[in-house]
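**Q** Before I ask anything, here is the structure I am working with.
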Amino acid sequence: MFSFLSSLAFAVTIGLSAATEPCNHAPSVWCSSEEIARSCGVVDQCRRNVWAVNDKAKPVNVTLYYESLCPGCRAFITQQLFPAFNKIRKIMNVTLIPYGNAHEKQSGDKWVFTCQHGVEECIGNIIESCTIHIVQNISAYFPFIDCIEKSKELPRNIANKCARQHNLEKVYPDIEKCANGPVGDMVEHSMAILTEGLKPPHKYTPWIVVNGMHTDTIQEEAQRNLIKFVCKTYKGTKPSECMQFLQPDARNICQK
Ligand SMILES: *[C@@H]1O[C@H](CO)[C@@H](O)[C@H](O)[C@H]1NC(C)=O
Ligand SMILES: *[C@@H]1O[C@H](CO)[C@@H](O)[C@H](O)[C@H]1NC(C)=O
Ligand SMILES: *[C@@H]1O[C@H](CO)[C@@H](O)[C@H](O)[C@H]1NC(C)=O
């Protein structure tokens, strides 16, 4: 009796979800996302046969070495990286390293930075580094950094407004304090160490590293269409946002 009722409940659930979002996908893509599997009534089968293996897949590491005023960096952040983060952050681990082609020199107990696009770029780098250091949660700080990189104004002039627009007004005084003091020096110095530790060393910015690797092909594919590239690189069950980029053979993940 109990089992009859629960299978009835199961049938009703499937019936309902099928009614709201019908299964209009070919069988080869049924297990490609939980959403599609649910609409096709095959969640259990996918979970047993496909996802159990795939769901342990690690997110794709995407690390960006950049500097705040470089036009190519702004374009990559605002047109590729931030939009991709908004769509597929669950399969992507983004790390931002604002330093780029800068240089540093120790002077007493301070670090002095010089930047390719002048002193305002160094200030922008330090504001962004301090924000990363203080806020920690990339979902909370990336909209703010995207806002600065989108703006035609100098980072130091727009940061406060971006903080207000993106819910960081409470921590903004801490960010300012960091950026204007020894903590900012230290945090930016740690970005310098990460940048100077690159193997191979970076030759330009934006410099894109995916799963610890940089090649011309990775750079080109990431700059052309980052969502497509990350979807392709990710080893686990592809989220529905990836569907449009999958090759017919790559979609056959329900087959035995
Ligand atoms: C994400 O990247 C950071 C910094 O590169 C790394 O320490 C962390 O282990 C990564 N997390 C995952 C889940 O890969
Ligand atoms: C990170 O920030 C986002 C956006 O503000 C928020 O929704 C989320 O709960 C935060 N996550 C953690 C672990 O604090
Ligand atoms: C991402 O980086 C972390 C930390 O270095 C590493 O443990 C993990 O294996 C990397 N993920 C992939 C998919 O390479």
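The values are calculated or read from the model by the stated rules, or taken from the named source; none is laboratory data. Because the structure is a prediction, the values reported are computed rather than measured. Here the Cβ positions follow ideal geometry from the backbone for every residue, glycine too, while neighbour counts run over all protein chains shown. Quick note on the areas: whole protein, heavy atoms, side chains included, nothing else; ligands and nucleic acids left out. Shrake-Rupley method; radii C 1.70, N 1.55, O 1.52, S 1.80 Å.
**Q** Away from ligand 1 (no atom under 16 Å from the Cβ) and among the small types (Gly, Ala, Ser) - does that describe any residue in segment 48-57?
**A** Yes, some residue in segment 48-57 is away from ligand 1 (no atom under 16 Å from the Cβ) and among the small types (Gly, Ala, Ser).
**Q** Now a separate question. Of all residues in segment 94-130 being crowded, with 16+ Cβ neighbours inside 10 Å and within 16 Å of ligand 2 (Cβ to nearest atom), which is nearest to residue 201 (Cα to Cα)?
**A** Filtering first and then ranking leaves 96.
**Q** Find the residue count for segment 131-143, including only residues that are open to solvent by 40 Å² or more (accessible area, probe 1.4 Å) and more than 15 Å from ligand 1 (Cβ to nearest atom).
**A** Qualifying residue count for the region: 1.
**Q** Test residue 21 against the stated conditions and say whether it is within 13 Å of residue 240 (Cβ to Cβ), open to solvent by 30 Å² or more (accessible area, probe 1.4 Å) and at pLDDT 80 or above.
**A** Answer is no for this residue.
**Q** Go through (1) in a helix (DSSP H, G or I); (2) open to solvent by 30 Å² or more (accessible area, probe 1.4 Å); (3) out of contact with any helix residue (DSSP H, G or I) (no Cβ under 6 Å at 6 or more places or on another chain); (4) not acidic (Asp, Glu) one by one and return the number of the condition residue 170 breaks.
**A** (1)
**Q** Please verify whether residue 66 is touching a Gly at 6+ places or on another chain (Cβ under 9 Å), among the hydroxyl-bearing types (Ser, Thr, Tyr) and open to solvent by less than 30 Å² (accessible area, probe 1.4 Å), treating the condition exactly as stated.
**A** Spelling it out, residue 66 is indeed touching a Gly at 6+ places or on another chain (Cβ under 9 Å), among the hydroxyl-bearing types (Ser, Thr, Tyr) and open to solvent by less than 30 Å² (accessible area, probe 1.4 Å).
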